[in-house]
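Engineer: Got a structure here, written out as structure tokens. Questions coming.
Quick note: the coordinates plus some simple rules give every number you see, no bench work behind them. Given the structure is predicted, the values throughout are model-derived calculations rather than measurements. Backbone-built Cβ (ideal geometry, glycine too); neighbour counts: all protein chains shown.
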Amino acid sequence: MFESANIHHTMANQSKEVLYGLYDDEQVLLQAVHKAKADHLDIMDVYTPFPVHGLDEAMGLSESRLHQVGFIFGAIGALTAFLFMTWVFTRDWPIIFGGKPYWSIPAFIPITFELTVLFSAIGMVVAYYTVCGLAPGVTNPTLDDRITDDKFCLAFQTNGASQQEIDKLKSFLSASGAEEINAKII
Amino acid sequence: MNQYQIDGKLKTVLLGMMGLGLLCLILTFAYDDALHTRFWSNYLHNAVFFTGIGFVSLFVMAAFTTAWAGWYTVVKRVFEAYSLFLIPGLILMLVVIVGMWGGLHHLYHWADDKAVAADPILQGKSSFLNKNWYTFGTLIIMGIWIFFANKLRTLSVEEDMSGTPDYNHHKRMRIWAAAFLPIGGFTSAAIVWQWVMSVDAHWYSTLYAWYATVSWFVSALALIILTIAYLKSKGYLEEVTVEHLHDLGKYLFAFSVFWAYLWFSQYMLIWYANIGEETVYFRERIDNYPVLFYGNLLLNFVLPFLILMRNDTKRKYGTLIFVSLVVLFGHWFDFFQMIKPGVLHTAHEALAHGAEEGAHHGHASAPIGFLIPGLLEIGTMLGFLGGFLYFVLNRLSKAALVPKNDPYLEESLHHHT
Amino acid sequence: MSAAVSPIREPLIQGSKTYHQITEDICSPTERTPSMTWIIAFMVASAGLALYVFCLAWTIWVGIGSWNLNRTIGWGWDITNFVWWIGIGHAGTLISAILLLFRQRWRTGVNRAAEAMTIFAVMCAGQFPLIHMGRLWLGFFIFPYPNTRGPLWVNFNSPLLWDVFAISTYFTVSLLFWYTGLVPDLATVRDRAKGLRRKIYNYMSFGWTGAAKHWQRFESLSLVLAGLSTPLVLSVHTIVSFDFATSVIPGWHTTIFPPYFVAGAIFSGFAMVQTLMVMTRKVLNLEQYVTLEHIESMNKVILLTGTIVGVAYLTELFVAWYSGYIYEQFAFYNRVMGPYWWSYVGMMSCNLLSPQIFWFKKIRRSVFWTFVMSIFVNIGMWFERFVIIGTTLARDYLPSSWSYYVPSWVEIGLFVGTLGLFFTLYLIFSRVAPVVAVAEVKQILKVAGDQYTGPNAHKAHHAKGAGVHH
């Protein structure tokens, strides 16, 4: 959590100049993203109020690997639970219950299952917030308050860009259907 | 190609399979013990397995209709055709009934009057476990199932011909489907108790009926996936995409896990409480039928779980066909495991009785055909499978492969997971 | 999600909403001063909570002797309440996880509130096993930690310990699932707020920006968590049922218990969701988001699970007879005809018989009957647990120890008190966070809004001469 806050801090120091367009409809935005990709424009990011189907493919984002994290943590949880119970009941403090053998696999299944799920879920959620740089108290700069309401935002970074390049981006945004075009330093 | 036609080659293959099955049945009958135990238990096993696939297809179709499932419309006709197998299924079960009245087989301990006279537990159950109930229960319950299967099929085919913009047919189907759910839920339990659980006439388990029904469901799913894969390979069902396949694969995965859950619940509770009357069921299987006991778990849980856990295996024909073959065989194997040990035990007792030897049916290992499925069992299964597919594909060719005026057709055609 | 929508599906969002209106309608209740209804409800609920604290203190001070448990009946209202609450706590995860996997769109209207309810219900449930252990301050003994007693580990073979793991895992995972879904919506509230309020919501929304990559990971996470929660939710009530079913007590030891308990849990959970949603949609003016269509769908689930539970009841009765085992037969005779016959009648009539009125569409879509039935089912499911626990224990193997039990005022107070705890938490939640998932509702607007689908949309299309394209 500290790390991500630090990363954010250094980024804020660099201060980004951003040119962005706000769209009213996710389909218009999606077409704009496709067009920007076709025109080889370098998109900084796209911000939306809800997940837009097909946006990750349009932007060329690689598939999320969170489920692999889940699998690994789940496997660790399963092993931890099963091996620990095995150790307790065969080595450390064997107990006879109901005339069963010390190493009673069926009786270990429920806890093994629960810890698999617990480890997997916690591991994935922690990984998710860490890689996204989200945590309690983190303040990430936002471009517009309406992005979490009803605006779909396509943003370009313009640090060091010439006026000509900025004009080109502006005309791209307005041609692709942006309702508002703004610049902001974050 | 929305109209399916069985081609000549397939017809030959299926007829060949049926011929093989018949041959195997005859051979089994010829080289059998005095009670023809192996022959009759093979017959019962396959009749119950394939009839159950018919029932569960009807039940699932009713559930999908009630739950407003849109995605499966393009494969709905396959479910419909499967549900119609209940009609030949009834004939298959009638043979068991006739055999019982004629004293031709000794599948059920409780059907033997002499055994019941000497057995207070069976006497206690005799108002449920008796030939009359078995006969009329089967006739009435399967009659109801067949009625519903026909009703849903008729409405569905009529919708093709004369569907209206207010989806009148579909609305009527929805009512029949909803009505069938509780009826199917209650009656299937009664049927499973009579057909399968009463093979071990002393033993009981409240979960058993649900366990057996889920086993049927997974088999039906696997066979449906295989049918669809076959139809697609012949150029039919172009509308079925990898997305539909993915959904079917998810069902196969989820219900394999659910089956394992029920297996574990039943096994663990009996193991834990350690009551002799109950544990005898698993004790017998673990000690004398280890291949059945452990193979069941391997085929029906471990393999499908490991293979289908990944996303991409559910979207490829190769892996999905492989898993479907495994679990189809696996659940056939599961029913083998449910039926055979009990039947053999009953037969041993009856034979010992007949020979006036007393009860010394020691613990010689069970013969092939009981201990594990032998070649004759595999051949018999192929015969029944051939018959099942012959009937089902024939039904499939009687109507359009993709229903025409179904209200969910568009959703199903544009389905994305 | 497919863009094609069947013409026979009813719209799930009414009033031709825009994205902005959705934000406005759902977030504004958290921004207004509370209404009179809310204040009165909150006062009543906190009074219940106060009663809970009092009875809890009394139990700790006087000891478990202040309850009417006796040597024969060692589990009474305490465990009945525990199972009842944990059952209620199943609906949220079911709605958010299983219905997500089954792609039932109507879940978006109710999932957020149902998940919150789940968490509060599990909190209430968790109280009872802890209190009934007697010495509450030694409650941490249930966790396996290196200790100076050997170390003497807990008994991992005991279903009661499985419960500890199941319930704490369930609580944790539900909380993570719920809060992760809530983060984008809290950001929406943040971006509408000013001053201190903005600071607070900024803290709670973790710095959410709505970036595409975050959404992609968010969706991936939600899907995998749903996939994990589905077997988890099944396992929790399964393990609760193991508390009973692993024993050798007739009436408890029966293999159908795991799936039957799960069905019963879903049944009672949905009833509680109905109780809450019928009130919430009215008080917060959310009738256009939690529509009659939502209510009807949930009533269908209640009818279905009620009937499954009914199949299980009859299976148990039948197999008790079929078993030929006299103790098993007596246990069920005792349930129906014994001293607690009235709780069996209550269970059967509330759980199996009365939900059958939901076969009528009119009643499924009636808010009044929905509310009445939801209360009925809540009562019936409480009776079910009492039938299983109280009735069975009252008549054990030894007739000399047969006994009868009525709760003391402390036990009643604890039960009523947890209702206070539950409603207090829910009322606070309804003030602090959006009770309907804002982002998810926006996501389905174009396939489920009434300007896009359903009879109104078709009429509108016709009027414009655009024709129906489906």
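Engineer: Report the net charge of residues surrounding B:GLU377, where surrounding means a beta-carbon distance below 12 angstrom and charges are Lys +1, Arg +1, Asp -1, Glu -1.
Structural biologist: Residues near B:GLU377 contribute +2 overall.
Engineer: Give the separation of the Cα centroids, the stretch A:90-123 to the stretch B:288-352, in Å.
Structural biologist: Result: 26 Å between the Cα centres.
Engineer: Same structure again: What is the magnitude of the charge dipole of chain A about its Cα centre, with +1 placed on the Cβ of each Lys and Arg, -1 on the Cβ of each Asp and Glu, and no other charges, expressed in debye to the nearest 20?
Structural biologist: For chain A, the charge dipole is close to 840 debye.
Engineer: Can you give the net charge of the other residues whose Cβ lies under 14 Å from the Cβ of C:PHE165, counting K and R as +1 and D and E as -1?
Structural biologist: -3
Engineer: Show me the trypsin sites (Lys or Arg not before Pro) within the stretch B:378-417 that DSSP assigns to loop and that have at most 16 other Cβ atoms within 10 Å of their Cβ.
Structural biologist: Filter output for the stretch B:378-417: B:LYS398, B:LYS404.
Engineer: Residue by residue through the stretch C:107-115, which ³J(HN,Hα) values in whole Hz follow from phi under the Karplus form 6.51 cos²θ - 1.76 cosθ + 1.60 (θ = phi - 60°), with glycine and proline marked x?
Structural biologist: Working through the residues one at a time gives 4, 4, x, 10, 5, 4, 5, 5, 5 Hz.
Engineer: Mind listing which GluC sites (Glu not before Pro) in the stretch A:103-186 are in a DSSP loop and have 14 or fewer other Cβ atoms within 10 Å?
Structural biologist: Loop-located and lightly packed - A:GLU179.
Engineer: What are the ³J(HN,Hα) values, in whole Hz, obtained from phi via the Karplus relation 6.51 cos²θ - 1.76 cosθ + 1.60 with θ = phi - 60°, for each residue of the stretch B:263-269 in sequence order, with x given for Gly and Pro?
Structural biologist: Coupling constants for the stretch B:263-269: 4, 5, 4, 5, 5, 5, 5 Hz.
Engineer: May I ask for the net charge around A:LYS184, where only other residues with Cβ less than 11 Å from the Cβ of A:LYS184 are counted and Lys, Arg are +1 while Asp, Glu are -1?
Structural biologist: -1
Engineer: On a C-alpha basis, how far is the centre of the stretch B:1-63 from the centre of the stretch B:376-406 in Å? Whole number, if you could?
Structural biologist: So the two Cα centres are separated by 11 Å.
Engineer: Restricting to Cα pairs below 8 Å that are 6+ residues apart, what does the relative contact order work out to for the stretch C:38-128? Please round to a whole percent.
Structural biologist: 30 percent
Engineer: As I understand it, the value is the acute angle between the Cα axis of helix A:66-87 and the longest principal axis of the Cα atoms of chain A; what does it come to in degrees, rounded to 10?
Structural biologist: 10 degrees
Engineer: List the residues, sorted by chain then number, that are 5 or more residues from A:ASP45 or on another chain and whose placed amide H is less than 5 Å from its amide H.
Structural biologist: Amide H neighbours of A:ASP45: A:ALA155.
Engineer: Now for a separate question. In terms of modelled amide H atoms, which long-range or inter-chain residues lie less than 5 Å from the amide H of B:LEU371?
Structural biologist: none
Engineer: Quick check on the protein assembly as shown: take the gyration tensor over C-alpha atoms, sort the square-rooted eigenvalues as a ≥ b ≥ c, and tell me if it's rounded (a/c under 1.5), prolate or oblate.
Structural biologist: Verdict is oblate for the protein assembly as shown.
Engineer: Note down the nm distance, to one decimal, between modelled labels 7 Å out along Cα→Cβ at C:SER46 and at C:TYR203.
Structural biologist: Computed distance between label sites C:SER46 and C:TYR203 equals 2.1 nm.
Engineer: Ok, one more. By the gyration tensor of its Cα atoms, with a ≥ b ≥ c the square roots of the eigenvalues, what is the shape of chain C: rounded for a/c under 1.5, prolate for a/b over b/c, or oblate?
Structural biologist: Judged from the Cα gyration tensor, chain C comes out prolate (a/c at least 1.5, a/b above b/c).
Engineer: What number, in percent, do you get for the relative contact order of chain B if the mean sequence gap of Cα pairs under 8 Å and at least 6 apart is divided by its residue count?
Structural biologist: 35 percent
Engineer: In whole Hz, with x marking every Gly and Pro, tabulate ³J(HN,Hα) for the stretch C:415-425 from phi via Karplus 6.51 cos²θ - 1.76 cosθ + 1.60, θ = phi - 60°.
Structural biologist: Along the stretch C:415-425, the couplings run 5, 4, x, 5, 4, x, 4, 4, 6, 4, 4 Hz.
Engineer: Considering only Cα-Cα distances, which of the following residue pairs are longer than 28 Å: A:LYS151/C:LYS213; B:LYS398/C:LYS446; B:LYS151/C:LYS361; B:LYS234/B:LYS404?
Structural biologist: B:LYS398/C:LYS446
Engineer: Starting from the stretch C:283-382, pick out the chymotrypsin sites (Phe, Trp or Tyr not before Pro) whose DSSP state is loop and whose Cβ has at most 15 other Cβ atoms within 10 Å.
Structural biologist: Answer in residue order: C:PHE360.
Engineer: Oh, and also: How much length, in nm to one decimal, is gained on full extension between B:SER162 and B:LYS232, taken as 0.36 nm per residue of separation minus their Cα-Cα distance?
Structural biologist: 22.5 nm
Engineer: If you don't mind, another one. Please list the non-local residues whose amide H lies under 5 Å from the amide H of A:GLU180, H modeled 1.01 Å from N, same-chain partners needing a gap of 5 or more.
Structural biologist: A:LEU22
Engineer: Same structure again: Given only helices, namely DSSP H runs of n ≥ 4 each adding -39500 (n - 2.57), what is the per-residue ellipticity at 222 nm of the protein assembly as shown, to the nearest 500 deg cm²/dmol?
Structural biologist: Theoretical 222 nm ellipticity from helices: -22000 deg cm²/dmol.
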